[in-house]
1. Please name all residue pairs, on different chains or six or more residues apart, with Cβ atoms under 6 Å, provided the first residue is in the range 85-104 and is closer than 18 Å to S123 by Cβ and the second residue is open to solvent by less than 10 Å² (accessible area, probe 1.4 Å) and more than 14 Å from the ligand (Cβ to nearest atom).
2. Given I45, I11, which one is among the aliphatic types (A, V, I, L, M), modelled with pLDDT under 95 and away from the ligand (no atom under 13 Å from the Cβ)?
3. Select from the range 114-133 the residues that are open to solvent by less than 60 Å² (accessible area, probe 1.4 Å), away from the ligand (no atom under 16 Å from the Cβ) and on the phi < 0 side of the Ramachandran plot and list them in ascending order.
4. Do we have G37 as surrounded by 14 or more Cβ atoms within 10 Å (Cβ to Cβ), over 21 Å from L153 (Cα atoms) and among the small types (G, A, S) here?
5. Give the number of residues within the range 164-177 that are within 14 Å of the ligand (Cβ to nearest atom) and surrounded by fewer than 19 Cβ atoms within 10 Å (Cβ to Cβ).
6. Going by what's in this entry, would L161 be described as outside any helix (DSSP H, G or I), within 16 Å of the ligand (Cβ to nearest atom) and under 15 Å from the mean Cα position of the chain (by Cα)?
7. Being more than 24 Å from Y129 (Cβ to Cβ), within 16 Å of the ligand (Cβ to nearest atom), of a type in the set (A, V, I, L, M) and over 15 Å from the mean Cα position of the chain (by Cα), is that true of even one residue in the range 63-82?
8. Report yes if E57 is farther than 17 Å from Y169 by Cβ and surrounded by fewer than 16 Cβ atoms within 10 Å (Cβ to Cβ), otherwise no.
Amino acid sequence: MNPSKLRKQIIETAIKFNTSGLSVGTSGNLSVRTPQGYLITPTGIPYHQLKEADIVEMNLKGKVIQGDLKPSSEWHFHQDIYLEREEVNAIVHVHSDFATGLACTRQDIPAFHYMVARAGGDSIRCAEYATFGTEALSKNAVTALQGRKACLLANHGMIALGEDIDAAYKLAEEVENIAKHYWISKQSGEPVLLNEKEMKTNLEKFKAYGKQQGTK
Ligand SMILES: [Zn+2]
């Protein structure tokens, strides 16, 4: 995809954060991999005011290579995820209600529903707490994302990864929905967890599901 199209897609998706309720105000951020590094939303600009030229391009050594604005304060974990995970081409980070609420209890989301497998494993981990915008937070996020496409961030929010912006955004929506269902099931009693064998089956089915989507 050409750089202008990518910038447009980033802005459209960031606006969707607000219209869908996934993130309020300027909280949250997103990025997409480029040959030189990645494009990322700038810090502190309301999404509906973003112009293509406002999207910042960074290399994978922490330097801005294009753009006059400061990148999102969370660029550390975007960079480290791209360095660590070559299959990832887009990253969405939001402070959505249910995922963030659960993240404040610092618990993983266990295998209470087959959709947990959508994030790549038998749980959605909650990364250990570290101050926002720090390298420490980035390290904790990369650890929680091992073998996974999404994680919660303690007392903060969530991260979702994808092969493109659409996939990362859809996963963020799904993780928010999973978090909501987990919260509801906790209000209704103690959720019955799916066993290892059942989750293995679900993970296999999602692998096949992913392939089918890719052939469209
Ligand atoms: Zn955040």
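The values are calculated or read from the model by the stated rules, or taken from the named source; none is laboratory data. Remember, it's a predicted structure, so these values are computed and weren't measured experimentally. Here Cβ is always computed from backbone atoms with ideal geometry, including for glycine, and neighbour counts include all displayed protein chains. Side chains are part of the model used for accessible areas, which takes the heavy atoms of the whole protein and leaves out ligands, DNA and RNA. Shrake-Rupley method; radii C 1.70, N 1.55, O 1.52, S 1.80 Å.
1. F98/A179; A99/V175; A99/A179; L102/A179
2. Exactly one residue qualifies, and that residue is I45.
3. M115, V116, A117, R118, A119, G121, S123, I124
4. Yes, satisfied.
5. The total comes to 0.
6. yes
7. No.
8. It is false that E57 is farther than 17 Å from Y169 by Cβ and surrounded by fewer than 16 Cβ atoms within 10 Å (Cβ to Cβ).
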